[in-house]
């Protein structure tokens with residue numbers, strides 16, 4: 001299951017967000033069900049990052065979002081970014097961060 005987060009960082013928080021992603025990617029890769037993960041930076045707009053993770057199934061993604069690492073990712077997104085889009089699944093449309101917050105609460 002493909003999972004993509006696109007974020008636009010706050011200008012003054014770029015380096016902090018980038019460092020956070022670098023630390024979190026190691027934890028994400030260690031999570032059960034994580035098949036592959038990558039961080040991309042937009043070459044035309046350097047304040048835009050993409051975090052792409054391939055999960056074995058939706059349960060693995062949900063477990064990650066509810067984990068300490070998932071909480072840290074959502075916290076960094078809340079504090080350090082201006083815009084967020086989330087895509088869960090190959091043929092899904094883009095959603096807002098609210099979909100992950102609902103998933104975290106188990107709703």
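The table below gives the values:
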item: Residue 16 paired with residue 95, simple spin-label distance in nm, labels 7 Å along Cα-to-beta-carbon; result: 2.8 nm
item: Computed over the chain: relative contact order in percent, which uses C-alpha pairs under 8 Å that are six or more apart; result: 38 percent
item: Extension gain, residue 59 back to residue 78 (0.36 nm per residue minus Cα-Cα distance, nm); result: 4.5 nm
item: Dmax and Rg, reported as Rg then Dmax, of the range 2-105 (C-alpha, Å); result: 12.7, 36
item: Extension reserve of the residue 52-residue 68 stretch, reckoned as 0.36 nm per residue once the Cα distance is removed; result: 3.9 nm
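No lab work stands behind these numbers, since they all come straight from the coordinates. Bear in mind the structure is a predicted one, so any value in this text is a computation, not a measurement. No Cβ is skipped: glycine too gets one built from the backbone with ideal geometry, and neighbour counts run over all protein chains shown.
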